[in-house]
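**Q** Let me begin by handing over the structure; questions about it come next.
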Amino acid sequence: MASPNLKYTSKLQNSRVLIIGGTSGLGFAVAEAVLEHGADVIISSSNPAKLEKTVDRLKEAYPSQAEKQSLTTHACDLSDVSNLDVNIEKLLKAATDNGVTKLNHIVFTAGDALVRPAMQDITPDLINKASTVRYVAPMILAKHISNFIEISPASSYTLTGGASSHRPRSGWPLGAGLAAGAEGLMRGLAVELKPVRVNLVQAAAVHTELFANFPAEKLDDILESFANGGLTGTVGTPEDVAEAYIYLMKCHYATGSIVEANGGYYLGRT
């Protein structure tokens, strides 16, 4: 019997996806998912050694896909605010052969370790530093997108936010503000970049490498606290949330939208 025409699972086949922040956590899971969907993958982060290890991990996990599909990396420092414009344009040029081979999708999952200062310790410098990677960088990237992406509703730019914008915990005013800013940025960019689609994935607690920043002796209690905050009684996994990014790439009618993966966090216990 002839194979069916797979019009759903083949939607990303042969597309070119740039994942910024793809060496760990959500970004790495998205890289796995788009490889499984037949896409060519370009991964960026600030650490060349991590990029090399990421390629090795993906080739080991997906040997047949790595043989058939392109898997490349480019380092880009998003924390260097004085050179951010230049660094991002260099990344996009490298990822597209100077704009010749256009991208189809860009996924932004980059994020440095978010500090949780006491209110009395918050300063303008601290706010500006915390904003560079999580807010300024995706805005500057959007400035250059039109020269490096296929201009079509089939193309997309997906940002990453956080559930703290709607239900912040004590001690998270800075993180909540940045997460809320990502929502507004996404909607503004959806208007500015049309017909390229711009959306945002918003998750609650996801067990990624960032949890290593918590004291080891407190980690179990922290995870339990996050799990009890929602309705599923679990902490999310990167593989769970990666599905949201895949949906936003595949659905050519989704723009200006937020897809939430939060285990019922908004409806959970206060």
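What follows draws every value from the coordinates through simple rules; no lab data is involved. Bear in mind that the values here come from a model prediction, so they are computed numbers and not experimental data. Virtual Cβ from ideal backbone geometry, glycine too; neighbours counted across all protein chains shown.
**Q** Net charge around ALA61, counting only other residues with Cβ within less than 11 Å of its Cβ (Lys, Arg = +1; Asp, Glu = -1)?
**A** Once all neighbours under 11 Å are counted, the net charge is -2.
**Q** Another question about this same structure. To test your reading of the geometry: what angle, between 0 and 90 degrees and rounded to tens, separates the Cα axis of helix 219-228 from the longest principal axis of the chain?
**A** The angle comes out at about 80 degrees.
**Q** Could you list the residues of the range 229-270 with an amide nitrogen less than 18 Å from a label point located 7 Å from the Cα of LYS7 in the Cα-to-C-beta direction?
**A** Taking a point 7 Å out along Cα→Cβ of LYS7, the residues of the range 229-270 whose backbone N falls under 18 Å are 250-254.
**Q** Let me ask another. Which listed residue (ALA31, SER155, SER82) has the Cα farthest towards the positive end of the charge dipole for the chain, taking +1 on Lys and Arg C-beta and -1 on Asp and Glu C-beta about the Cα centre?
**A** The Cα lying farthest towards the positive end belongs to SER155.
**Q** Please give the helix 173-193 orientation as an angle from the longest Cα principal axis of the chain, in degrees from 0 to 90, rounded to the nearest 10.
**A** Approximately 30 degrees, to the nearest 10.
**Q** Starting from the Cα of HIS144, step 7 Å along the direction of its Cβ; do the same at THR232; then give the gap between the two resulting points in nm.
**A** With each label point 7 Å from Cα toward Cβ, the separation is 3.5 nm.
**Q** What does the charge count around VAL81 come to, taking other residues whose C-beta lies under 14 Å from its C-beta (Lys +1, Arg +1, Asp -1, Glu -1)?
**A** Working: positive: LYS129, ARG134; negative: ASP77, ASP80, ASP85, ASP112, ASP125.
Spelling it out: positives minus negatives among the neighbours equals -3.
**Q** Can you figure out the FRET efficiency of TYR247 with LYS194, using R₀ = 22 Å and their beta-carbon distance, to the nearest 0.05? Before the final figure, lay out the partial values.
**A** Details: r = 19 Å, r/R0 = 0.88.
Step by step, r from the Cβ atoms, then E = 0.70.
**Q** When only C-alpha pairs under 8 Å and at least 6 residues apart count, what is the relative contact order of the chain, in percent?
**A** On the way: 486 pairs, mean separation 50.0, N = 270.
Computed value for the chain: 19 percent relative contact order.
**Q** If you add up the charges near ALA203, with Lys and Arg at +1 and Asp and Glu at -1, over every other residue whose beta carbon is less than 9 angstrom from its beta carbon, what do you get? Walk me through the numbers before you get to the answer.
**A** Details: positive: none; negative: ASP240, GLU260.
Around ALA203, the charge tally is -2.
**Q** Looking at the P(r) of the chain, how many percent of alpha-carbon pairs lie beyond 32 Å? List each step's numbers first, then the result.
**A** On the way: 7745 of 36315 pairs.
Result for the distance tail: 21 percent.
**Q** Next question, about the same structure. Magnitude of the Cβ-charge dipole of the range 16-267, K/R +1 and D/E -1, about the Cα centre, nearest 20 debye?
**A** Here the size comes out at about 640 debye.
**Q** Treating the range 75-118 as a set of equal point scatterers at the Cα positions, no solvent, please give the Debye-formula log₁₀ I(q)/I(0) at q = 0.23, 0.25 Å⁻¹.
**A** Log10 of I(q)/I(0), two decimals: -0.90, -0.99.
**Q** Could I ask something else about it? Could you order the peptides 31-43, 249-261 from most to least packed, using the average number of other C-beta atoms within 10 Å per residue?
**A** Details: 31-43: 22.3, 249-261: 17.9.
Per-residue mean Cβ counts within 10 Å order the peptides as 31-43, 249-261.
**Q** Could you please rank ARG187, ARG16, placing first whichever residue has the fewest other Cβ atoms within 10 Å of its Cβ?
**A** Values: ARG187 17, ARG16 24.
Fewest to most other Cβ atoms nearby, the residues stand as ARG187, ARG16.
**Q** How many angstrom lie between the Cα centre of the range 105-169 and the Cα centre of the range 1-32?
**A** 23 Å
**Q** Using a Förster distance of 35 Å, how high is the FRET efficiency between ALA154 and ASN47, based on the Cβ-Cβ distance and rounded to 0.05? The partial results should precede the final answer.
**A** On the way: r = 32 Å, r/R0 = 0.90.
Computed FRET efficiency for ALA154 and ASN47: 0.65.
**Q** Which of these, SER46, SER64, SER24, has the largest mean-square fluctuation under a Gaussian network model of the chain (Cα springs below 10 Å)?
**A** Among SER46, SER64, SER24, the largest mean-square fluctuation in the Gaussian network model of the chain belongs to SER64.
**Q** Considering the chain as a Gaussian network with a 10 Å cut-off on Cα pairs, which listed residue, LEU248, LEU185, LEU58, attains the greatest mean-square fluctuation?
**A** Of LEU248, LEU185, LEU58, the Gaussian network model singles out LEU58 as fluctuating most.
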